[in-house]
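Asks: Before anything else, here's the structure in question.
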Amino acid sequence: MSLTTRERTVVEHIAEREDELVALVSDLIGFDTTARAAPDDPPRDERALQEYLAGRLARAGAECDLWEPASENVAGSKLAPTGLDFDGRPQLAATFRGAGGGRSLLLNGHVDVVSPDPRERWTTDPFQADLRDGVLYGRGACDMKGGVGCMVFAAKALAELEVRLAGDLVLCTVTEEESTGAGGLAAVAHGVRADAGIVLEPSGHEICIVCRGSVIPTITVLGQPGHSGIPQPDWREGGAVNAIEKAELVLDAMRHLQEDWRSSPDQRHPLLSAGDIVPCVISGGEWAVSYPSSCSVTYHIGYLPAFADAEGWGSRIELEVAECVQRAAESDPWLAENPPTIVWAPEVPSAEVDAEAPIVSTLLGAARDTGLATRIAGFDNWHDGATFTRLGGTPCVAFGPGGLDRAHTVDEYVPTESLVTCAQAVSVAAMRFCGVAE
Ligand SMILES: [Zn+2]
């Protein structure tokens, strides 16, 4: 297939306005929307950014719904921590009403970003976009204010050229993706849905139809405090026990489980990496001359869709981890009497969209026709599309500018050419998926 005359007009319209697109993404980078590290961290510029987008989209003709979800809206889900509030962190759904008779399409992106730390290592201010040699630098440039800019620009281009779609085009921007996924969940609870969706995560223009789920256990091992400068009797006679040394037993057991996973044929997926178990945070000890009384290790565990339970969650993985920790505990008399505890953080589900689904073939065709060398792929990391797919009845793929290898890094960037081609592909995909009204 090739581009129709009308599609070509839209594609050229976007190419001629590259500066405007770069300015839009630069504006978005300028809002400090660093995700909260703890549930009670105060909001930053989330409201200001969402209002900025709502203003732009309303002027382009969208009906804008900007709302602060109540914590009850996400209560009871494994995705959200209990009592999470959205004060100062509104979600946005902007709908360009179709003329009727076409399929609806969701374009989704998150507006929160990870902390710019270590900030002093950046070449320029992470919240002041910097354009150098066709590359735009700044926190969120690729993950994913670049993608958000592309979807807004694609919709705006259609509006400016008075291309009326048959089906509704719904743009949704959420917070809380980098922290919990609660923003996407709130959007689903609010009724944001469509016949299919594109999440503009930095996929390097690959069309990602599947992503892994993840669970995050924190395993705490207890010791017994005591002076480390004197010999200690056996713990059964009141002696100290070193929680860090006992935690090594758990670390060993988890490493063996990780090795099992890495070599197991069950852990193969044609589009994804095998499941993985990564220790990410460790803390233990109170004083340089005291036996540590406790040691905690937090793991990030990514798993394949085949290991999800019947409801789509990671309970089978949780059981496997609990059994692994229990085996480690049984091998040691202290741990057998003082079993480690496991606390599970909110989790995110895996999701998979059929490779034959209309959104996949439509986007594949649109991306190729706008000049991208693309293919169907998997997204090892989780994204909000899984929530829309699993819980919202909206099958979503990830497709966006820039690569995940630049996400969460110092001097994060997105090539401006990538922004242009992505906006072009998305606008053509929207025309083909929703249909164009005569
Ligand atoms: Zn992201």
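Listed here are the residues, each with its yes/no results for (1) more than 23 Å from TRP382 (Cα to Cα); (2) touching a residue at least 60 places away in the same chain (Cβ under 8 Å); (3) exposed (fewer than 15 other Cβ atoms within 10 Å of the Cβ); (4) not aliphatic (A, V, I, L, M).
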{"position": "CYS295", "(1), (2), (3), (4)": "yes, yes, no, yes"}
{"position": "GLY302", "(1), (2), (3), (4)": "no, yes, no, yes"}
{"position": "ALA306", "(1), (2), (3), (4)": "no, no, yes, no"}
{"position": "ALA310", "(1), (2), (3), (4)": "no, no, yes, no"}
{"position": "SER315", "(1), (2), (3), (4)": "no, no, no, yes"}
{"position": "CYS324", "(1), (2), (3), (4)": "yes, yes, no, yes"}
{"position": "PRO333", "(1), (2), (3), (4)": "yes, no, yes, yes"}
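Asks: Scan segment 125-139 and tell me whether some residue there is over 19 Å from ALA182 (Cα atoms) and within 14 Å of the ligand (Cβ to nearest atom). Before you say what the answer is, go through the steps one by one.
Replies: If we filter segment 125-139 for residues that are over 19 Å from ALA182 (Cα atoms), which is where we start, we get 125-139.
With within 14 Å of the ligand (Cβ to nearest atom) added as a condition, the list becomes 139.
Within segment 125-139 (the criterion being over 19 Å from ALA182 (Cα atoms) and within 14 Å of the ligand (Cβ to nearest atom)), the answer is yes, since at least one residue qualifies.
Asks: Related question: Looking only at segment 31-42, count every residue that is in contact (Cβ under 8 Å) with a residue 24 or more places away in the chain and surrounded by fewer than 19 Cβ atoms within 10 Å (Cβ to Cβ) and tell me the total.
Replies: Selection size over segment 31-42: 4.
Asks: What's the total number of residues in segment 166-187 that are away from the ligand (no atom under 16 Å from the Cβ), surrounded by fewer than 24 Cβ atoms within 10 Å (Cβ to Cβ) and not small (Gly, Ala, Ser)?
Replies: 1
Asks: Looking at segment 79-92, is at least one residue over 19 Å from VAL114 (Cβ atoms), over 20 Å from the mean Cα position of the chain (by Cα) and surrounded by 16 or more Cβ atoms within 10 Å (Cβ to Cβ)?
Replies: The answer is no, given that none of the residues of segment 79-92 is over 19 Å from VAL114 (Cβ atoms), over 20 Å from the mean Cα position of the chain (by Cα) and surrounded by 16 or more Cβ atoms within 10 Å (Cβ to Cβ).
Asks: Between residues in segment 145-169 that are assigned to a helix (DSSP H, G or I) and residues that are of a type in the set (Asp, Glu), which pairs lie under 8 Å by C-beta distance while being six or more apart or on different chains?
Replies: Going by the 8 Å Cβ cut-off, the qualifying pairs are GLY147/GLU201; PHE153/GLU20.
Asks: Return yes or no: is ASP112 within 16 Å of the ligand (Cβ to nearest atom) and either over 20 Å from GLY191 (Cα atoms) or of a type in the set (Lys, Arg) (or both)?
Replies: So ASP112 fits the description; yes.
Asks: What pairs come out if I take residues in segment 7-28 that are outside the structural domain of THR175 (by TED's automatic domain parsing) and pair them with residues that are outside any helix (DSSP H, G or I) and at pLDDT 95 or above whose C-beta lies under 8 Å away, six or more apart or interchain?
Replies: Partner pairs satisfying both residue conditions: none exist.
Asks: Does segment 395-412 hold any residues that are at pLDDT 95 or above and either surrounded by fewer than 21 Cβ atoms within 10 Å (Cβ to Cβ) or of a type in the set (Lys, Arg) (or both), and which are they?
Replies: VAL410, ASP411
Asks: Could you check segment 378-414 and list, in sequence order, the residues that are within 13 Å of the ligand (Cβ to nearest atom), touching a Phe, Trp or Tyr at 6+ places or on another chain (Cβ under 9 Å), more than 14 Å from GLU352 (Cβ to Cβ) and not basic (Lys, Arg)?
Replies: Of everything in segment 378-414, those that are within 13 Å of the ligand (Cβ to nearest atom), touching a Phe, Trp or Tyr at 6+ places or on another chain (Cβ under 9 Å), more than 14 Å from GLU352 (Cβ to Cβ) and not basic (Lys, Arg) turn out to be GLY402, LEU404, GLU412, VAL414.
Asks: In this structure, does ALA54 turn out to be touching a Lys or Arg at 6+ places or on another chain (Cβ under 7 Å) and either part of a loop (DSSP other than H, G, I, E, B) or not basic (Lys, Arg) (or both)?
Replies: Details: touching a Lys or Arg at 6+ places or on another chain (Cβ under 7 Å): no; either part of a loop (DSSP other than H, G, I, E, B) or not basic (Lys, Arg) (or both): yes.
Answer is no for this residue.
Asks: Scan segment 402-424 and tell me whether some residue there is touching a residue at least 12 places away in the same chain (Cβ under 8 Å) and farther than 30 Å from ASP130 by Cβ.
Replies: no
Asks: Please enumerate the residues belonging to segment 248-287 that are more than 16 Å from TYR303 (Cβ to Cβ), small (Gly, Ala, Ser) and out of contact with any helix residue (DSSP H, G or I) (no Cβ under 8 Å at 6 or more places or on another chain).
Replies: Within segment 248-287, just SER283 meets the criteria.
Asks: Test of understanding: among ALA166, ALA154, which residue is out of contact with any Leu (no Cβ under 8 Å at 6 or more places or on another chain) and in the same structural domain as GLN50 (by TED's automatic domain parsing)?
Replies: Values: ALA154 fails: out of contact with any Leu (no Cβ under 8 Å at 6 or more places or on another chain).
Result: ALA166 is the single residue among ALA166, ALA154 that is out of contact with any Leu (no Cβ under 8 Å at 6 or more places or on another chain) and in the same structural domain as GLN50 (by TED's automatic domain parsing).
Asks: Let me ask something else. Taking strands (runs of 3 or more DSSP E) that do not extend beyond segment 287-403, which have at least 1 residues that are among the polar types (S, T, N, Q) and under 30 Å from PRO81 (Cα atoms)?
Replies: 294-303, 341-344
The values are calculated or read from the model by the stated rules, or taken from the named source; none is laboratory data. The structure displayed is predicted, hence computed values, not measured ones. Every residue, glycine as well, gets a Cβ built from its backbone with ideal geometry; the counts of neighbours run over all protein chains shown.
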